[in-house]
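Reviewing the structure listed below.
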Amino acid sequence: MEAREIFVKDLFSDKFLFQIPVYQRPFSWDKDDFDNLFEDIRQSMENGEQNYFLGSIILRTVEKEADGSGLYDLVDGQQRITSLIILLAVMRDLLNNFDRNYAEQIQSLLYQKAAPLLGKKESFRLLVWEREQDFFKENILQEGKTLHDFNLKTLKDAKYKMVLAITIFKQKFINDNGEINKDLLFKMSYYVLNNCLFAYVKTGELTLAFRLFTVLNTRGLPLTASDLLKSYNLAAVPDDNRKKYAQIWENIEDELGKEELERLISFLRDIFIREKAKRTIFEEFEERVFASGVISKGEAFIKYLKNMADIYRERVQNAQISSTSNVYVRYYNLMSLMRDFIPSKDWMSAFLRFCEKFNNENKIMEFLQKIEKRYIVDWVLGFTPTQRLTIIYNIIRLINESTCEDEVINNSLFDTSAREKEFLSAIDSVDFYDKNYSKYVLLRIDLDLSENQNITKAYKGTITIEHILPRNPSHNEWLDLFDKQARSEWTNKIGNLILLSRRKNSSANNRPFLEKKKSYFGGSMTDFELTKEIDKYNKWDIQSIQDRQREMLRRAKKLWL
C-alpha cells in the first residue's frame, strides 16, 4: 500500500489512467456540490493560501507498467475527480479564446495521445460508467465541446449532472456584462493545477482497497446501507463476473427505486438477525451476517437480494398473487391498505420471509390476514415499537422453525381472543379520534364492508375523518340534541366518525345533520361504504350514535378478535 499527497497536475499526468469500477454508483453530484467545489477553490486562491486540499482518494491497481505508470480503479473519489475533470475541460475551452498553448496543456492532462515509440496507447484520463462513456468522451474530453449549448430538459440521471456541472462552471467565468473574466480564468487554471492537491492511497489488493473505502465512507459521507453493501458484495465477486452482478444490482435499484431498496435491505437485516439494531445496517451485515456464514457475500447475497426484491415488488409493491378472483381481490385490497396506511413497515419483514419460504398463494393470503390481526391489536393496545418489533422477530423465528404454512398460521402467537376486553375498550374510548390508529381502523372496517363487491380497491388521495356531531357545534340543532356532557362523551367516539375526501370535509363543516348529508352525497355518491350508511338516518342524536357505536364495536371484534 502506498499513500502520499499529489498535485492535480501530477495526478493527471501520464503516470495515471483512471476508470470507475462497475460497482460504484453513477455520477450524482448536484448544483450545490459543483458550486461549493468552485467557490472553495476560488476562496482559497483569493486568500493567498499556498495549497487547497481536495480530499482523499483510494486507487486500486488494475494494470502496472515497468515505468510506474498504470491503470487504476477509482474505488473512492470518483465524484470529485469527475467534477474536477469537467472543470478543467471548461477552462480548457475558454482558454482557447486567449491562449491556444494553455488550452493544449490542459488537454494533455485529459487525453493521452498514442506514443508507439514510448509504448503508450491512446487513452482518455478517465473512463466513466459504461452508460455515460460515449457522452463523456464526446461532450467533455473532446476539445471545444463544453462551449456548445445543451438542452438540460432532454437529459437525465448522470448525463444531466455532467451538463449541469458544465453549465455552472462556465457561468462562474462570465462577468455581469456577459464577457469571460480572463483574469479569473488564468489564475484559476494555474491554481487548480499547481496548488490543489489530493491525498491518495494506492493498493493492488481489492479487499484492502474496499476496507479503506468502507472506513472512510461510514464516517460522515452520506452513503446509504445499499451503497455500501453494493460495493462490499461486488468487490467479492470475481473480476470476470463483476460486470454481470453489477448490472443485476443496478436493475434492482431501477425497478424498486433507491428508497425502496434501502427499506428492503432493512427488512433483510431483520430476517437474518431478529434482534433490535445495535449498530448500522452495514456493520451488522458485515459482522453478524457475512462473517457468521449465514450467507456468503458476493454472488450468493446478490442472488438472494434479487429473489427478495422480486418477492417485494410482486407481493408488496404490486400487491399481486395468483389465485381465484375472490382471493386475489381480497389480497390486493388488504395489502394495499396495510402498505399505505400502517405507518410502521416492520411487519413486512415477517411477511417477506413467509413468502420466501412458502409459495402457496392462498396460504399467503391467510398469513397476511393473521399478521394484520396480531399487528393491529398490538398497535391499538399501545405496544411500543420495540414490543411490536419483538413480536415480528418471534414470527420470523416461527417461520424458520416450521415445516409447512399451517404450522405458522395456526400458531397461538396469532391468537388475540384473550385480549378482547382491553381491545374493545380501546376502540370504545371517548378519545378514539385522537389515536394514531383511528384512520386505519375506519378504513379497514370500510374495506370489510366492500368485500362482497369483488372489486379491487386502493385508497388514494387525501382522506379525512369527519365528525357527524361537530366538535364545536354552533347550530341550535346540535346544541339542543347534545348538552355539554353528551358532546364530551360522544364527539370523538368511533360511532360519530366517518371518512370523507378533504373536499367534501371542508364543505360539510358544522351544518345541521340533513344539510351535512346533502354535502356527503351531493354530486356523486361517496366511495366510502362506511359513509354511505349514514344516508339511512333522518336525524343524528345520542341514540343514533349509540346504535352505530355498538355496530362499529361488533365489526372491530369480527375483524381482529
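The values are calculated or read from the model by the stated rules, or taken from the named source; none is laboratory data. Just so it is clear, the model here is predicted, and its values are computed rather than measured. Here Cβ is always computed from backbone atoms with ideal geometry, including for glycine, and neighbour counts include all displayed protein chains. Ligands, DNA and RNA are excluded from the accessible area calculation, which covers all protein heavy atoms including side chains. Shrake-Rupley method; radii C 1.70, N 1.55, O 1.52, S 1.80 Å.
Structure values in brief
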read-out: Boolean, Asp406 is touching a strand residue (DSSP E or B) at 6+ places or on another chain (Cβ under 7 Å), farther than 12 Å from Arg374 by Cα and part of a helix (DSSP H, G or I); value: no
read-out: Leading residue by the ranking (most open to solvent (accessible area, probe 1.4 Å)) among those in the range 163-189 that are part of a loop (DSSP other than H, G, I, E, B) and without any contact (Cβ under 8 Å) to a residue 24 or more places away in the chain; value: Asp176
read-out: Single condition Lys345 does not satisfy, out of (1) outside any helix (DSSP H, G or I); (2) farther than 28 Å from Phe272 by Cβ; (3) in contact with a Lys or Arg (Cβ under 7 Å, 6 or more places away or on another chain); value: (2)
read-out: Subset of the range 410-425 (residues that are open to solvent by less than 50 Å² (accessible area, probe 1.4 Å) and out of contact with any Ser or Thr (no Cβ under 9 Å at 6 or more places or on another chain)); value: Leu413, Phe414, Thr416, Arg419, Leu424
read-out: Top-ranked residue in the range 328-351 [being within 27 Å of Arg397 (Cβ to Cβ) and hydroxyl-bearing (Ser, Thr, Tyr); ranked as farthest from the chain's Cα centre (by Cα)]; value: Tyr331
read-out: Ser292 assigned to a loop (DSSP other than H, G, I, E, B), modelled with pLDDT under 95 and under 24 Å from Ser450 (Cβ atoms); value: no
read-out: Residues of the range 253-277 classified as more than 24 Å from Ile396 (Cα to Cα) and either among the small types (Gly, Ala, Ser) or open to solvent by less than 30 Å² (accessible area, probe 1.4 Å) (or both), total; value: 2
read-out: Qualifying residues in the range 329-353 (those that are touching a Phe, Trp or Tyr at 6+ places or on another chain (Cβ under 9 Å) and among the basic types (Lys, Arg)) - the one surrounded by the fewest Cβ atoms within 10 Å (Cβ to Cβ); value: Lys345
read-out: Test: residue in the range 508-531 that is open to solvent by 10 Å² or more (accessible area, probe 1.4 Å) and at pLDDT 90 or above; value: yes
read-out: Enumeration of residues in the range 193-233 that are modelled with pLDDT of 80 or more, surrounded by fewer than 17 Cβ atoms within 10 Å (Cβ to Cβ) and among the small types (Gly, Ala, Ser); value: Ala199
read-out: Meets criteria (open to solvent by less than 50 Å² (accessible area, probe 1.4 Å), under 30 Å from Asp428 (Cβ atoms) and not β-branched (Val, Ile, Thr)) for Glu372; value: yes
read-out: Residue count for the range 426-439, restricted to those that are polar (S, T, N, Q) and loosely packed, with under 13 Cβ neighbours inside 10 Å; value: 1
read-out: Checking Ile534 against (1) open to solvent by 80 Å² or more (accessible area, probe 1.4 Å); (2) at pLDDT below 95; (3) closer than 28 Å to Val377 by Cα, the condition it does not meet; value: (1)
read-out: Contacts under 9 angstrom Cβ, first residue in the range 139-160 being farther than 19 Å from Ile85 by Cα, partner surrounded by fewer than 16 Cβ atoms within 10 Å (Cβ to Cβ) and of a type in the set (Asp, Glu), 6 or more apart; value: none
read-out: Selection from the range 306-348 of residues that are over 19 Å from Asp378 (Cβ atoms) and among the basic types (Lys, Arg); value: Lys306, Arg313, Arg315, Arg330
read-out: So Glu356, is it part of a helix (DSSP H, G or I), open to solvent by less than 10 Å² (accessible area, probe 1.4 Å) and charged (D, E, K, R); value: no
read-out: Filtered residues of the range 37-61 (kept if assigned to a helix (DSSP H, G or I) and either open to solvent by 10 Å² or more (accessible area, probe 1.4 Å) or of a type in the set (Asp, Glu) (or both)); value: Leu37, Glu39, Asp40, Arg42, Gln43, Met45, Glu46
read-out: Residue list for the range 409-438, filter: more than 30 Å from Asn362 (Cα to Cα), assigned to a loop (DSSP other than H, G, I, E, B), over 34 Å from the mean Cα position of the chain (by Cα) and not β-branched (Val, Ile, Thr); value: Asp428, Ser429, Asp431
read-out: Residue ID - surrounded by the most Cβ atoms within 10 Å (Cβ to Cβ), chosen from residues in the range 1-36 that are more than 30 Å from the chain's Cα centre (by Cα), at pLDDT 80 or above and assigned to a loop (DSSP other than H, G, I, E, B); value: Phe12
read-out: Top-ranked residue of the range 234-252 - restricted to ones that are in a helix (DSSP H, G or I) and β-branched (Val, Ile, Thr), ranked as surrounded by the most Cβ atoms within 10 Å (Cβ to Cβ); value: Ile252
